[in-house]
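Inspection log for the structure reproduced underneath, given as C-alpha coordinates.
The values are calculated or read from the model by the stated rules, or taken from the named source; none is laboratory data. Bear in mind that the values here come from a model prediction, so they are computed numbers and not experimental data. Ideal geometry is used to build each Cβ from the backbone, glycine not excepted, and the neighbour counts take in all protein chains shown. Side chains are part of the model used for accessible areas, which takes the heavy atoms of the whole protein and leaves out ligands, DNA and RNA. Shrake-Rupley method; radii C 1.70, N 1.55, O 1.52, S 1.80 Å.
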Amino acid sequence: MEDDIVQRIGIIGVGEIGRAIVAGLCDGGGESPEVFLSPRGARAAAELSARYEGVQVCAGNQEVVDRSDVVIIAVRVPDRHEALAGLRVDGGKTVISLMAGVGNDELRRMLATDAAVVRAIPLPSVRERSCITVTFPSHPVADALFERLGGTQPVADEAAFNVFSALTGTLTTQYWYLATLASWAAGQGIDSAVADRYVRGLFQGIGRSLSDGTRSLHQLAADHETPNGSNERIRTTWFGPANSAALGKALDDLLADLK
(Lines give C-alpha, C1' and ligand atoms only; values in the text may rest on other atoms or scores of the structure.)
Protein backbone atom coordinates (compact mmCIF):
# COMPACT_ATOMS: atom_id res chain seq x y z
CA MET A 1 0.00 0.00 0.00
CA GLU A 2 1.47 3.31 -1.03
CA ASP A 3 1.95 5.67 1.89
CA ASP A 4 0.04 8.46 0.17
CA ILE A 5 -3.10 6.34 -0.26
CA VAL A 6 -4.02 5.85 3.39
CA GLN A 7 -2.39 7.76 6.23
CA ARG A 8 -5.19 7.59 8.82
CA ILE A 9 -7.41 4.57 9.48
CA GLY A 10 -10.32 4.48 11.91
CA ILE A 11 -11.87 1.29 13.28
CA ILE A 12 -15.31 1.25 14.89
CA GLY A 13 -15.68 -2.01 16.79
CA VAL A 14 -12.43 -3.45 18.13
CA GLY A 15 -13.20 -7.16 18.24
CA GLU A 16 -11.12 -10.07 16.94
CA ILE A 17 -10.95 -8.83 13.35
CA GLY A 18 -10.33 -5.23 14.37
CA ARG A 19 -7.41 -6.33 16.55
CA ALA A 20 -6.03 -8.50 13.74
CA ILE A 21 -6.15 -5.59 11.27
CA VAL A 22 -4.25 -3.33 13.67
CA ALA A 23 -1.61 -5.99 14.28
CA GLY A 24 -1.23 -6.66 10.57
CA LEU A 25 -0.77 -2.98 9.80
CA CYS A 26 1.61 -2.28 12.65
CA ASP A 27 3.73 -5.45 12.68
CA GLY A 28 4.35 -5.58 8.96
CA GLY A 29 7.46 -3.45 8.82
CA GLY A 30 7.79 -0.07 7.17
CA GLU A 31 5.86 3.00 8.14
CA SER A 32 2.52 2.26 9.78
CA PRO A 33 -0.54 4.46 9.29
CA GLU A 34 -2.12 6.29 12.19
CA VAL A 35 -4.95 4.19 13.59
CA PHE A 36 -7.88 5.58 15.56
CA LEU A 37 -9.98 3.16 17.58
CA SER A 38 -13.50 3.51 18.94
CA PRO A 39 -14.07 3.07 22.66
CA ARG A 40 -16.20 -0.01 21.87
CA GLY A 41 -14.12 -2.94 23.08
CA ALA A 42 -12.33 -0.58 25.46
CA ARG A 43 -9.97 -3.16 26.94
CA ALA A 44 -8.73 -4.40 23.56
CA ALA A 45 -8.43 -0.84 22.26
CA ALA A 46 -6.38 0.22 25.26
CA GLU A 47 -4.04 -2.78 24.87
CA LEU A 48 -3.46 -1.98 21.19
CA SER A 49 -2.82 1.67 21.96
CA ALA A 50 -0.25 0.72 24.59
CA ARG A 51 1.47 -1.76 22.27
CA TYR A 52 1.71 0.27 19.06
CA GLU A 53 2.89 3.81 18.52
CA GLY A 54 0.44 5.73 16.40
CA VAL A 55 -2.62 3.80 17.64
CA GLN A 56 -5.00 5.98 19.63
CA VAL A 57 -8.32 5.39 21.36
CA CYS A 58 -10.90 8.08 20.63
CA ALA A 59 -13.57 9.41 22.95
CA GLY A 60 -16.37 8.37 20.61
CA ASN A 61 -17.22 7.05 17.17
CA GLN A 62 -17.63 10.50 15.63
CA GLU A 63 -14.07 11.36 16.59
CA VAL A 64 -12.91 8.15 14.87
CA VAL A 65 -14.67 9.25 11.70
CA ASP A 66 -13.45 12.83 11.84
CA ARG A 67 -9.78 11.89 12.27
CA SER A 68 -9.67 9.15 9.61
CA ASP A 69 -9.38 8.90 5.84
CA VAL A 70 -10.69 5.34 5.89
CA VAL A 71 -13.35 4.20 8.36
CA ILE A 72 -13.61 0.46 8.99
CA ILE A 73 -16.93 -0.58 10.56
CA ALA A 74 -16.44 -3.86 12.41
CA VAL A 75 -19.34 -3.86 14.87
CA ARG A 76 -21.64 -6.84 15.40
CA VAL A 77 -24.61 -6.66 13.05
CA PRO A 78 -27.20 -6.47 15.89
CA ASP A 79 -25.28 -3.47 17.33
CA ARG A 80 -25.06 -1.48 14.11
CA HIS A 81 -27.96 0.90 14.69
CA GLU A 82 -26.75 1.89 18.16
CA ALA A 83 -23.10 2.19 17.08
CA LEU A 84 -23.73 4.18 13.91
CA ALA A 85 -26.69 6.35 14.92
CA GLY A 86 -26.08 10.01 14.17
CA LEU A 87 -22.62 9.59 12.66
CA ARG A 88 -21.66 12.21 10.09
CA VAL A 89 -19.38 10.86 7.36
CA ASP A 90 -17.86 13.29 4.89
CA GLY A 91 -18.26 12.29 1.25
CA GLY A 92 -14.50 12.32 0.69
CA LYS A 93 -13.86 9.40 3.05
CA THR A 94 -13.85 5.68 2.30
CA VAL A 95 -16.06 3.45 4.44
CA ILE A 96 -15.22 -0.26 4.66
CA SER A 97 -17.92 -2.45 6.15
CA LEU A 98 -17.11 -5.84 7.69
CA MET A 99 -20.74 -6.50 8.68
CA ALA A 100 -22.05 -9.71 7.14
CA GLY A 101 -25.47 -9.43 5.54
CA VAL A 102 -25.54 -5.61 5.49
CA GLY A 103 -25.53 -4.35 1.90
CA ASN A 104 -23.74 -1.23 0.75
CA ASP A 105 -26.98 0.59 -0.08
CA GLU A 106 -28.38 -0.12 3.38
CA LEU A 107 -25.23 1.14 5.08
CA ARG A 108 -25.11 4.26 2.92
CA ARG A 109 -28.70 5.03 3.90
CA MET A 110 -27.91 4.48 7.59
CA LEU A 111 -25.00 6.90 7.40
CA ALA A 112 -26.76 9.31 5.03
CA THR A 113 -23.48 9.76 3.17
CA ASP A 114 -22.16 9.97 -0.38
CA ALA A 115 -18.84 8.45 0.71
CA ALA A 116 -17.49 5.40 -1.10
CA VAL A 117 -18.73 2.27 0.69
CA VAL A 118 -16.93 -1.06 0.29
CA ARG A 119 -17.76 -4.43 1.81
CA ALA A 120 -14.87 -6.68 2.86
CA ILE A 121 -14.32 -10.10 4.46
CA PRO A 122 -10.94 -10.04 6.22
CA LEU A 123 -10.13 -13.09 8.35
CA PRO A 124 -8.04 -13.27 11.53
CA SER A 125 -4.99 -14.25 9.46
CA VAL A 126 -4.67 -10.63 8.31
CA ARG A 127 -2.68 -10.45 11.55
CA GLU A 128 0.11 -12.38 9.79
CA ARG A 129 -0.65 -10.69 6.45
CA SER A 130 -1.60 -14.07 4.96
CA CYS A 131 -5.29 -13.53 4.25
CA ILE A 132 -6.94 -13.00 0.87
CA THR A 133 -9.69 -10.45 1.58
CA VAL A 134 -12.75 -10.40 -0.67
CA THR A 135 -14.06 -6.90 -1.43
CA PHE A 136 -17.03 -5.37 -3.24
CA PRO A 137 -16.91 -3.18 -5.16
CA SER A 138 -13.29 -2.88 -6.19
CA HIS A 139 -11.93 0.38 -4.83
CA PRO A 140 -8.30 1.53 -5.03
CA VAL A 141 -8.05 2.60 -1.40
CA ALA A 142 -9.71 -0.49 0.08
CA ASP A 143 -7.92 -2.88 -2.25
CA ALA A 144 -4.54 -1.30 -1.49
CA LEU A 145 -5.20 -1.58 2.24
CA PHE A 146 -5.97 -5.29 2.04
CA GLU A 147 -3.10 -5.96 -0.35
CA ARG A 148 -0.88 -4.85 2.51
CA LEU A 149 -2.63 -7.36 4.75
CA GLY A 150 -2.08 -10.37 2.48
CA GLY A 151 -3.97 -9.77 -0.75
CA THR A 152 -7.35 -8.75 -2.10
CA GLN A 153 -9.96 -10.41 -4.31
CA PRO A 154 -12.57 -7.97 -5.62
CA VAL A 155 -15.81 -9.54 -6.88
CA ALA A 156 -18.30 -8.32 -9.44
CA ASP A 157 -21.45 -7.98 -7.35
CA GLU A 158 -22.97 -8.47 -3.91
CA ALA A 159 -24.40 -11.86 -4.90
CA ALA A 160 -20.87 -13.18 -5.39
CA PHE A 161 -19.72 -11.41 -2.23
CA ASN A 162 -22.43 -13.18 -0.22
CA VAL A 163 -21.21 -16.58 -1.47
CA PHE A 164 -17.76 -15.87 -0.07
CA SER A 165 -19.33 -14.58 3.12
CA ALA A 166 -21.18 -17.88 3.51
CA LEU A 167 -17.93 -19.81 3.08
CA THR A 168 -16.45 -18.02 6.08
CA GLY A 169 -19.21 -19.57 8.18
CA THR A 170 -17.38 -22.90 7.95
CA LEU A 171 -14.26 -21.81 9.85
CA THR A 172 -15.15 -22.89 13.36
CA THR A 173 -16.50 -26.18 11.97
CA GLN A 174 -12.91 -27.03 11.06
CA TYR A 175 -11.79 -26.49 14.65
CA TRP A 176 -14.67 -28.60 16.00
CA TYR A 177 -13.75 -31.35 13.56
CA LEU A 178 -10.20 -31.42 14.95
CA ALA A 179 -11.49 -31.24 18.51
CA THR A 180 -13.76 -34.23 17.80
CA LEU A 181 -10.80 -36.24 16.53
CA ALA A 182 -8.78 -35.43 19.65
CA SER A 183 -11.74 -36.31 21.88
CA TRP A 184 -12.17 -39.64 20.09
CA ALA A 185 -8.49 -40.48 20.70
CA ALA A 186 -8.85 -39.52 24.36
CA GLY A 187 -11.84 -41.87 24.54
CA GLN A 188 -9.55 -44.64 23.35
CA GLY A 189 -7.28 -44.07 26.34
CA ILE A 190 -4.83 -41.55 24.88
CA ASP A 191 -3.87 -38.68 27.18
CA SER A 192 -5.95 -35.70 26.08
CA ALA A 193 -2.96 -33.34 25.90
CA VAL A 194 -1.04 -35.85 23.77
CA ALA A 195 -4.04 -36.35 21.48
CA ASP A 196 -4.48 -32.59 21.10
CA ARG A 197 -0.80 -32.10 20.25
CA TYR A 198 -0.81 -34.93 17.72
CA VAL A 199 -3.97 -33.73 15.94
CA ARG A 200 -2.55 -30.21 15.66
CA GLY A 201 0.65 -31.55 14.13
CA LEU A 202 -1.24 -33.91 11.84
CA PHE A 203 -3.15 -31.05 10.23
CA GLN A 204 -0.54 -28.28 10.21
CA GLY A 205 0.82 -29.78 7.01
CA ILE A 206 -2.48 -29.10 5.28
CA GLY A 207 -1.86 -25.37 5.57
CA ARG A 208 1.50 -25.76 3.85
CA SER A 209 0.13 -27.95 1.06
CA LEU A 210 -2.66 -25.46 0.36
CA SER A 211 -0.03 -22.93 -0.68
CA ASP A 212 0.65 -25.11 -3.75
CA GLY A 213 -1.65 -23.44 -6.24
CA THR A 214 -0.60 -25.79 -9.05
CA ARG A 215 -2.84 -28.56 -7.71
CA SER A 216 -6.62 -28.38 -7.32
CA LEU A 217 -8.19 -29.17 -3.96
CA HIS A 218 -9.50 -32.45 -5.35
CA GLN A 219 -6.02 -33.29 -6.61
CA LEU A 220 -4.49 -32.56 -3.21
CA ALA A 221 -6.97 -34.96 -1.66
CA ALA A 222 -6.18 -37.65 -4.21
CA ASP A 223 -2.45 -37.18 -3.72
CA HIS A 224 -2.81 -37.85 0.01
CA GLU A 225 -4.67 -41.14 -0.21
CA THR A 226 -4.02 -44.57 -1.69
CA PRO A 227 -6.65 -46.89 -3.19
CA ASN A 228 -8.39 -48.86 -0.44
CA GLY A 229 -6.24 -47.07 2.15
CA SER A 230 -7.24 -45.54 5.48
CA ASN A 231 -7.79 -42.00 4.15
CA GLU A 232 -10.00 -43.20 1.29
CA ARG A 233 -11.99 -45.33 3.73
CA ILE A 234 -12.82 -42.47 6.08
CA ARG A 235 -13.56 -40.07 3.22
CA THR A 236 -15.94 -42.41 1.43
CA THR A 237 -17.69 -43.82 4.51
CA TRP A 238 -18.04 -40.64 6.60
CA PHE A 239 -17.89 -37.78 4.10
CA GLY A 240 -20.12 -39.47 1.58
CA PRO A 241 -22.97 -38.08 -0.55
CA ALA A 242 -25.31 -37.59 2.41
CA ASN A 243 -22.84 -35.50 4.40
CA SER A 244 -21.85 -33.56 1.28
CA ALA A 245 -25.51 -32.77 0.61
CA ALA A 246 -26.08 -31.75 4.23
CA LEU A 247 -23.15 -29.35 4.08
CA GLY A 248 -24.42 -27.88 0.82
CA LYS A 249 -27.89 -27.43 2.35
CA ALA A 250 -26.43 -25.65 5.39
CA LEU A 251 -24.51 -23.29 3.11
CA ASP A 252 -27.61 -22.67 0.96
CA ASP A 253 -29.61 -21.73 4.06
CA LEU A 254 -26.88 -19.41 5.32
CA LEU A 255 -26.57 -17.75 1.89
CA ALA A 256 -30.33 -17.15 1.82
CA ASP A 257 -30.10 -15.34 5.17
CA LEU A 258 -27.22 -13.19 3.93
CA LYS A 259 -29.10 -11.87 0.90
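Points worth noting:
- Residue order by solvent-accessible surface for His81, His139, His218 is His218, His81, His139, largest first, with ligands and nucleic acids left out and a 1.4 Å probe.
- Of all the options Ala166, Ala242, Ala46, the one that moves most in a Gaussian network model of the chain with Cα springs shorter than 10 angstrom is Ala242.
- Rounded to the nearest 10 square angstrom, Ile132 shows an accessible area of 100 square angstrom against a 1.4 Å probe.
- 3J(HN,Hα) along segment 15-20, derived from phi through the Karplus expression 6.51 cos²θ - 1.76 cosθ + 1.60 where θ = phi - 60°, amounts to x, 4, 6, x, 5, 5 Hz, with x in place of Gly and Pro.
- Note on Cα extents along the principal axes in Å: of the candidates [x] 72, 37, 35; [y] 65, 43, 33; [z] 63, 38, 35, the value calculated from this structure sits at [z].
- Within segment 42-123: Cβ-based charge dipole about Cα centre, in debye rounded to nearest 20 (Lys, Arg +1; Asp, Glu -1): 160 debye
- Ranking Ala144, Val64, Thr236 by Cα position along the charge dipole of the chain, where only Lys, Arg, Asp and Glu carry charges on their C-beta atoms, puts Thr236 farthest toward the positive end.
- Largest GNM mean-square fluctuation across Asn162, Asn243, Asn61, computed for the chain with C-alpha springs under 10 Å, falls on Asn243.
- Using only the C-alpha atoms, the convex hull of segment 37-88 corresponds to 81 Å³ per residue.
- Net charge dipole size for the chain [Lys, Arg +1 and Asp, Glu -1 on Cβ; Debye, nearest 20]: 620 debye
- Average projected area [Cα convex hull, segment 89-143], square nanometres: 4.0 nm²
- Among Gly28, Gly103, Gly213, the residue with the largest mean-square fluctuation in a Gaussian network model of the chain, with springs joining Cα atoms closer than 10 Å, is Gly213.
- Placing +1 on the Cβ of every Lys and Arg and -1 on the Cβ of every Asp and Glu, with nothing else charged, gives segment 1-95 a dipole about its Cα centre of roughly 480 debye.
- DSSP bridge orientation in the chain - percent antiparallel, rounded to nearest 5: 10 percent
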